[in-house]
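What follows is a short report on a single structure.
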Amino acid sequence: MLERWTRAEYTLASFLDDRVGGTGSKKAVNALRAALEEGKFVEYHEVLYANQPEESIDGYTDTYLLRLAGKVEGLRGPEFDAAVRSMKYRGFVTASQNAYEKAGGAKEPEGPGTPTAEINDKRIPLQYNALLLESDTFAELLQKIHDQPGEWEDTTL
């Protein structure tokens, strides 16, 4: 049987704070890191994504982040709540933002955009990112890449 594997790597960015003059994005990244400690990163990420405030406001307050965390079974507790309120993972937030900016390289010093996906070290252009959220279409693309890897390397998206 052919072995297949995939790896998802999250680089959490907080660039919106500079645009709106707030701290909500940093608070959200910190809260996601706290959720990782509780083994609830994916579940909490899904809730945050589904309940994003308008980008023009600084909507990710401690209160809002904790209320959303209440939608994830087993996430709320003294340690998680304290980590959210105290910005416990401030160093992680900064390191993650720096990694995001570095991923953009000299051509994109503020970062590569979100979401960004690379398959076999080839970046999917932003105009195709919607397919990442369409599971059937994305599965078809991955199958094509698997079946015809050489063709994928020569593909211009």
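State which residue is farthest from Lys40 (Cα to Cα) when the search covers only region 86-116 and only residues that are surrounded by fewer than 16 Cβ atoms within 10 Å (Cβ to Cβ) and in contact with an Asp or Glu (Cβ under 7 Å, 6 or more places away or on another chain). So, considering only residues that are surrounded by fewer than 16 Cβ atoms within 10 Å (Cβ to Cβ) and in contact with an Asp or Glu (Cβ under 7 Å, 6 or more places away or on another chain), the one farthest from Lys40 (Cα to Cα) is Pro109. Of all residues in region 104-146, those being under 30 Å from Asp17 (Cβ atoms) and in contact with a strand residue (DSSP E or B) (Cβ under 8 Å, 6 or more places away or on another chain) number 4.
Scanning region 114-136 for residues that are part of a strand (DSSP E or B) and free of Cβ contacts under 8 Å to residues at least 12 places away in the same chain gives Glu118, Arg123. Among the conditions (1) in contact (Cβ under 8 Å) with a residue 40 or more places away in the chain; (2) farther than 17 Å from Leu48 by Cα, Asp58 misses just one, which is (2).
Might you let me know whether region 56-77 holds any residue that is open to solvent by 40 Å² or more (accessible area, probe 1.4 Å), among the β-branched types (Val, Ile, Thr), within 19 Å of Thr11 (Cα to Cα) and outside any helix (DSSP H, G or I)? Looking through region 56-77, none of the residues is open to solvent by 40 Å² or more (accessible area, probe 1.4 Å), among the β-branched types (Val, Ile, Thr), within 19 Å of Thr11 (Cα to Cα) and outside any helix (DSSP H, G or I). Among residues of region 101-112 that are assigned to a helix (DSSP H, G or I), those with a beta-carbon under 8 Å from a residue that is charged (D, E, K, R) and modelled with pLDDT under 85 at least six positions away or on a different chain give the pairs Glu101/Glu110; Gly104/Glu110. Residue count for region 32-48 satisfying the condition of being farther than 14 Å from Lys71 by Cβ, surrounded by fewer than 17 Cβ atoms within 10 Å (Cβ to Cβ) and either within 13 Å of the chain's Cα centre (by Cα) or in contact (Cβ under 8 Å) with a residue 60 or more places away in the chain (or both): 1.
If you take the residues in region 31-55 that are part of a loop (DSSP other than H, G, I, E, B) and not small (Gly, Ala, Ser), which one is nearest to Lys88 (Cα to Cα)? By that ranking, first place goes to Glu38. Within region 1-16, track down each residue that is farther than 19 Å from Tyr44 by Cα and either of a type in the set (Ser, Thr, Tyr) or modelled with pLDDT under 65 (or both). Scanning region 1-16 gives Met1, Leu2, Arg4, Thr6.
The values are calculated or read from the model by the stated rules, or taken from the named source; none is laboratory data. Only a predicted model underlies this, so the values are computations on that prediction, with no experimental measurement involved. For neighbour counting, all protein chains shown are included, and Cβ atoms are generated from backbone atoms with ideal geometry for every residue, glycine included. Remember, those area values only see protein heavy atoms, side chains included, never the ligands or the DNA or RNA. Shrake-Rupley method; radii C 1.70, N 1.55, O 1.52, S 1.80 Å.
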